[in-house]
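To start, the structure under review is shown below, and the notes come after it.
The values are calculated or read from the model by the stated rules, or taken from the named source; none is laboratory data. Fair warning: this is a prediction, and the values are worked out from it, not measured in the lab. Heads up, the Cβs are rebuilt from the backbone with ideal geometry, glycines too, and the neighbour counts pull from every protein chain shown. Just the protein is used for accessible areas: all its heavy atoms, side chains included, with ligands, DNA and RNA removed. Shrake-Rupley method; radii C 1.70, N 1.55, O 1.52, S 1.80 Å.
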Amino acid sequence: MSELATTIGAVMQAKRGVVWSTGPSASVFEAIELMAEKEVGALVVMEQGELVGIVSERDYARKVVLQGRSSKETPVAEIMSSPVMCVSPQHTVGECMRVVTDQRIRHLPVMENGSVVAVVSIGDLVNWVIREQETTIRHLEAYICGGAGQSV
């Protein structure tokens, strides 16, 4: 199976991360503070258990800093991206790479049975492909080296 045909479900199992979220009424400052603390680049925005948006460091830079707004006075709802482009665990790595490239986004919430079960970033996708290609190369090297000296 090609690394691009692998499902996001497999990437999620390897990642084993927590989905960090904030509410739409939280201040942008609180959201950025949580992102820094948890070392993530985006938070899903949840309201009464429903996904209503996603807020990222990019949103902060472009919609708060560059516009001279106050991060302590601006609610997340004013800068979050909504509606949110989502995928399911059954989507492939290749499909997700196309979505992030075509939509020019860096984070994809993964939805299953109406709940956000993970967030995969473009970095997660690229790292998955690199690791899978390294494994393939090691297997090919072992095959070639193991086959050297054997008659055909």
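What to note about this one:
- Antiparallel content of DSSP bridges confined to the stretch 10-132, in %, to 5: 80 percent
- Dimensionless Rg ratio for the chain, taking C-alpha atoms and the 2.2 N^0.38 Å reference: 1.31
- As a calculated quantity, the FRET efficiency between CYS145 and SER88 at R0 = 41 Å, using C-beta atoms, amounts to about 0.55.
- Degrees, to the nearest 10: 93-103 long Cα axis against longest axis of the chain: 40 degrees
- Cα gyration tensor shape of the stretch 60-118, rounded if a/c is under 1.5, else prolate or oblate by comparing a/b with b/c: oblate
- Rounded tilt (10° steps) of 28-38 against the dominant C-alpha axis of the chain: 30 degrees
- Between ILE130 and GLU112, full extension at 0.36 nm per residue minus the direct alpha carbon distance yields a gain of 3.9 nm.
- Loop-located GluC sites (Glu not before Pro) in the stretch 38-114, at most 15 other Cβ atoms within 10 Å (DSSP): GLU39, GLU73
- Geometric extent, Cα atoms of the stretch 88-152 - Rg, Dmax (angstrom): 17.7, 57
- Counting only DSSP H runs of at least 4 residues, each contributing -39500 (n - 2.57), and dividing by the residue count of the chain, the helix-based mean residue ellipticity at 222 nm comes to -12500 deg cm²/dmol.
- Amide N proximity, the stretch 116-132 versus GLN103 label position 7 Å along Cα-to-Cβ, cut-off under 11 Å: 120
- To the nearest 10, the accessible area of THR74 is 10 Å² with a 1.4 Å probe.
- Between helix 122-147 and the chain: long-axis angle, C-alpha atoms, 0 to 90°, nearest 10: 10 degrees
- Computed over the chain with a Gaussian network model linking Cα atoms closer than 10 Å, the most mobile of LEU66, LEU125, LEU108 is LEU66.
- Take the stretch 17-109 with all the other protein chains still there, run a 1.4 Å probe, and you get 57 Å² of accessible area per residue.
- Among the chymotrypsin sites (Phe, Trp or Tyr not before Pro) in the stretch 1-62, none sits in a DSSP loop with a Cβ that has at most 13 other Cβ atoms within 10 Å.
- Candidate lysines for bridging to LYS63, where Cα separation is under 21 Å - those fewer than 8 sequence places away on the same chain excluded: LYS72
- Candidates GLY68, GLY53, GLY123: whichever shows maximal mean-square fluctuation once the chain is modelled as a Gaussian network with Cα springs under 10 Å: GLY68
- Which of ASP59, ASP102 is most accessible, then next, and so on - probe 1.4 Å: ASP102, ASP59
- Aspartates and glutamates whose Cα lies under 15 Å from that of LYS15, excluding same-chain neighbours fewer than 8 positions away: GLU39, ASP124, GLU132
- Gyration tensor verdict on the stretch 1-59 (Cα atoms; rounded if a/c is under 1.5, prolate if a/b is larger than b/c, oblate otherwise): prolate
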